[in-house]
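A quick write-up on the structure given underneath.
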Amino acid sequence: MPRKLLRQIAASHLPITFYRPDDIEEVRMLCSEGMVIALFPSASDSRQLRGNAPAAAEVLAVTQKGLEDLADFSYPSASQEPAKPWLGARIASLVNTLGADARNAPARAGRR
């Protein structure tokens, strides 16, 4: 999941602040991996909610390593099997049938 957050961070105006504990933990992981530069409140900071858990994480920048990681991300290729192969075959046969009908039909008068 941190990669999804990294994509979100890279697409945002920086700096960006996260307040949800799950997001803060993901930012902490991205920071420890060297993907982002982030600030976390110190233990003496008054924004602290409870215990040692910071109440916010502020991301200042995406590092070169983070940008390279995003560049390596690839979407599924178009060569994968379609989700509904029967639909593709049905459409292809329909197009072929309609194409054959159109070639055999007489030309319409006044058509431009």
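The values are calculated or read from the model by the stated rules, or taken from the named source; none is laboratory data. Computed from a prediction, not measured in an experiment: that's the story for all the values here. A quick note on method: Cβ atoms are made from the backbone with ideal geometry, for glycine too, and the neighbour counts reach across all protein chains shown. The protein model used for the area step is the full one, side chains on, heavy atoms only, and it has no ligands, DNA or RNA in it. Shrake-Rupley method; radii C 1.70, N 1.55, O 1.52, S 1.80 Å.
Per-residue accessible area for Leu67 at 1.4 Å probe radius, Å² rounded to 10?
Probe radius 1.4 Å; accessible area of Leu67 about 80 Å².
Just to make sure I understand: if all protein chains stay in place, what is the order of Ile9, Ile37 by accessible area at 1.4 Å, largest first?
Largest to smallest exposure gives the sequence Ile37, Ile9.
Less than 15 Å Cβ to Cβ from Leu67, Lys/Arg counted +1 and Asp/Glu -1: what total charge do the surrounding residues give?
Values: positive: Arg3, Arg7, Lys65; negative: Glu33, Glu68, Asp69, Asp72.
Result for the neighbourhood of Leu67: -1.
Rounded to the nearest 10 Å², what accessible area does Asp69 show when all protein chains are kept and the probe is 1.4 Å?
Taking all protein chains as shown, Asp69 has close to 40 Å².
Relative to a virtual label point 7 Å from the Cα of Leu70 in the Cα→beta-carbon direction, which members of region 1-20 show backbone nitrogen distances below 17 Å?
In region 1-20, the label zone of Leu70 (backbone N under 17 Å from the point 7 Å along Cα→Cβ) covers 1-18.
With every protein chain in place, what's the accessible area of Glu25 (1.4 Å probe, Å², nearest 10)?
Accessible area of Glu25: about 90 Å².
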